[in-house]
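Peer 1: The structure that follows is given in the form of C-alpha cells.
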Amino acid sequence: MKYNALMAFLLFFVVFFRLSLIIPFLYLAFIPAFFGIMYLVRNFMITMGNGLVSIDRKNLLLLSIFIIIFLFCMVFDSFQKSQSFQSYFTVRLFMLFLFSFVPAYYLVNRFIKGDLKLMERILVYSLWVQIVIFFGMYISPELKRLLYTFFGMSDSVNLWEQNAKVRGFGLSGEINFMTPFLMIYMSFFMMKRRYALITLICLTQIVNSNMAVIAAIIGIGCSRLNINIKIATVLVLGVLVYSLGAVFFPRFYDEFVSGDGTRTLDILLQQHVFVVGNLDFFNIIFGLQQNISSSIPDIKQSSDMGWVILFNYGGLTFITLFLFLIFTISIATFGMTYQAIIWMLIGIIFNTKGLVLGSNGYFFLSFIYMFLNRVTLSGQSSITNKLGQVSK
C-alpha cells in the first residue's frame, strides 16, 4: 500500500470508528482535525486570493441550516440548568465540525482526490480489519480487554461480566449500535459485490447489535443484488441465525427468536420517553431548553432516545431543523436519488436509539461522499451512480 493510501486508510479508520488513545477524550481524530484545519485554511486563502469562492445551491442550503441551528443552540444553551461541558449543543455542533467535517475534507482533498477505487479499497480494508479484530476478541477476552484499554474504552459496558463474551467485538466507540449498522450498509451500497465480505459482516455485526438486522434488511431489499443472490443470502443468514443463534447470537436470539422482538422498544418507551417539565404551547414549539442526554453526568433523569432529547431541548422547532439538516446532507451526498431517501431514513433510525447530532460515523461518511461529489472529475460518472453497483 502506497504512502498516500496508507495515510488515507489510517485517517478513515481512526475517525470513522471514533478511536481514542488510553483515555476516552483523547481522540485520535485530533490529529487529522489539526492538519485538516490547516489544510482547509490554506485552501480557503488561496481560493479567496484567486477570487474563486463559490458555493452551489445544495451546499449553500446545508451551510445556512447549520448556521441557523448553531445560533439556535447558542441561545438555548444559555437557559440550561446543567452547565456542564457535555450539555451544550453548541459544543456538539463544534465537535461535529471538528471531528467529522474537517477530517472528511482533509481525507478527500488531500489523499483521495476523486479516486473512487481508492475510497472503495479503504472501505474494504477497514471491514476486513474489523472482521479479524472481531474473531480475535471473540476467541480471546484478554485481547478484547487489552485493545479496549489501549484505545480508551476501558470503562465500556462491553467489558462488564455479563457482556464480555456476548457483544462489543470490534474497535469502535460506537460498536453497540451505529458502527455495525453502517458497516453492513457500506458492504451493500458502497463497494462492488463481495459476497463473502457481505455475509461475514452481517453475521459478525448482528452479534454486536440487534439493530444491524435492520441494516441487513435494507441492504438485501434495496441494493442492486441479483434476486437469486438476495434469496440465497436470506436463506443462509436465516439458517445460521436460527440454528446457531442460541450459542453465537444470544442477544439477537433472545430478542427475536425466543421473544417477540419488542423488548428493546418496550424499554425505550417505558424508561426513556418523558419531558422534564409541564407542556404548554410555547414548550411544545420551543422545548424546555434542557439537554437530557444520558452522556451528561449528574442529571436526575436522562434519556437515550434522540427524538426525546431534541424535543426536551428545543421542541418541534429543533426537531424540524434537525430533519432539514439530515435531509440537505443526504441530498448533498447522494443527489436526488433513492439512496438519499435511504440515507435520511437511516439518520432517523439512528436518532431513535441515540442522539445523532454530533461527531460520528454517519456524518463522517456523509461529508466524505459530499466532498467526493465535488472533486470527481467532470469526465467521470458521478459518485452517486457509482454507489450500490454491487451486482455488476
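Peer 1: Inside the stretch 272-309, can you point out the residues that are among the polar types (S, T, N, Q) and free of Cβ contacts under 8 Å to residues at least 12 places away in the same chain?
Peer 2: Scanning the stretch 272-309 gives ASN278, SER294, SER302.
Peer 1: Quick one: which residue in ASN208, ASN176 is crowded, with 22+ Cβ neighbours inside 10 Å, under 21 Å from VAL356 (Cβ atoms) and touching a Gly at 6+ places or on another chain (Cβ under 7 Å)?
Peer 2: Sole residue among the options that is crowded, with 22+ Cβ neighbours inside 10 Å, under 21 Å from VAL356 (Cβ atoms) and touching a Gly at 6+ places or on another chain (Cβ under 7 Å): ASN208.
Peer 1: Is it the case that the stretch 78-90 has a residue that's modelled with pLDDT under 95, surrounded by fewer than 19 Cβ atoms within 10 Å (Cβ to Cβ) and closer than 21 Å to LEU19 by Cα?
Peer 2: Looking through the stretch 78-90, at least one residue is modelled with pLDDT under 95, surrounded by fewer than 19 Cβ atoms within 10 Å (Cβ to Cβ) and closer than 21 Å to LEU19 by Cα.
Peer 1: Take PHE25 and decide whether it is outside any helix (DSSP H, G or I), of a type outside the set (Val, Ile, Thr) and loosely packed, with under 13 Cβ neighbours inside 10 Å.
Peer 2: Judged against the criteria, PHE25 is a match.
Peer 1: Let me ask something additional. Given the options VAL157, VAL102, name the one that is of a type in the set (A, V, I, L, M) and modelled with pLDDT of 95 or more.
Peer 2: After applying the criteria, what remains is VAL102.
Peer 1: Scan the stretch 183-204 for residues that are farther than 11 Å from GLY219 by Cβ and either in contact with a Gly (Cβ under 9 Å, 6 or more places away or on another chain) or acidic (Asp, Glu) (or both) and jot them down.
Peer 2: THR204, the sole residue that qualifies.
Peer 1: When you go through (1) over 22 Å from PHE79 (Cβ atoms); (2) buried (at least 20 other Cβ atoms within 10 Å of the Cβ); (3) modelled with pLDDT of 95 or more one by one for PHE318, which number turns out not to apply?
Peer 2: Of the numbered conditions (1) over 22 Å from PHE79 (Cβ atoms); (2) buried (at least 20 other Cβ atoms within 10 Å of the Cβ); (3) modelled with pLDDT of 95 or more, the odd one out for PHE318 is (1).
Peer 1: Let me ask something else about it. Look through the stretch 125-140, keep the residues that are of a type in the set (Gly, Ala, Ser) and either assigned to a helix (DSSP H, G or I) or touching a residue at least 24 places away in the same chain (Cβ under 8 Å) (or both), and return whichever of them is farthest from PRO180 (Cα to Cα). It would help to see each step written out before you state the result.
Peer 2: Kept after step one, since they are of a type in the set (Gly, Ala, Ser), are these residues of the stretch 125-140: 126, 136, 140.
Right, trim to either assigned to a helix (DSSP H, G or I) or touching a residue at least 24 places away in the same chain (Cβ under 8 Å) (or both) and you get 126, 136.
Details: SER126: 12, GLY136: 17 Å.
Among those that are of a type in the set (Gly, Ala, Ser) and either assigned to a helix (DSSP H, G or I) or touching a residue at least 24 places away in the same chain (Cβ under 8 Å) (or both), it is GLY136.
Peer 1: Looking at the stretch 2-19, can you tell me whether even one residue there is farther than 30 Å from TYR125 by Cβ, outside any helix (DSSP H, G or I), touching a residue at least 40 places away in the same chain (Cβ under 8 Å) and not polar (S, T, N, Q)?
Peer 2: No: zero hits.
Peer 1: Return only the number of the condition from (1) within 29 Å of TYR3 (Cα to Cα); (2) touching a Lys or Arg at 6+ places or on another chain (Cβ under 9 Å) that ALA164 does not satisfy.
Peer 2: (1)
Peer 1: On the given criteria, is MET153 under 21 Å from the mean Cα position of the chain (by Cα) and surrounded by fewer than 19 Cβ atoms within 10 Å (Cβ to Cβ)? Quick ask: steps written out before the conclusion?
Peer 2: On the way: under 21 Å from the mean Cα position of the chain (by Cα): yes; surrounded by fewer than 19 Cβ atoms within 10 Å (Cβ to Cβ): no.
Considered against the rule, which asks whether it is under 21 Å from the mean Cα position of the chain (by Cα) and surrounded by fewer than 19 Cβ atoms within 10 Å (Cβ to Cβ), MET153 comes out as no.
Peer 1: Related question: Using beta carbons and a limit of 8 Å, which pairs, at least six apart or on different chains, have the first residue in the stretch 215-232 and closer than 19 Å to MET178 by Cα and the second one charged (D, E, K, R) and assigned to a helix (DSSP H, G or I)?
Peer 2: ILE220/LYS230
Peer 1: Same structure again: With the structure loaded, tell me whether LYS144 is crowded, with 20+ Cβ neighbours inside 10 Å and in contact with a helix residue (DSSP H, G or I) (Cβ under 8 Å, 6 or more places away or on another chain) or whether it fails that test.
Peer 2: Taking the combined requirement at face value, the residue satisfies it.
Peer 1: Taking the stretch 176-214, which residues are without any contact (Cβ under 8 Å) to a residue 40 or more places away in the chain and either part of a loop (DSSP other than H, G, I, E, B) or basic (Lys, Arg) (or both)?
Peer 2: ASN176
The values are calculated or read from the model by the stated rules, or taken from the named source; none is laboratory data. This one's a predicted model, so the numbers in the text were calculated from it and none came from an experiment. Note that each Cβ is placed from the backbone with ideal geometry, even for glycine, and that neighbours are counted across all protein chains shown.
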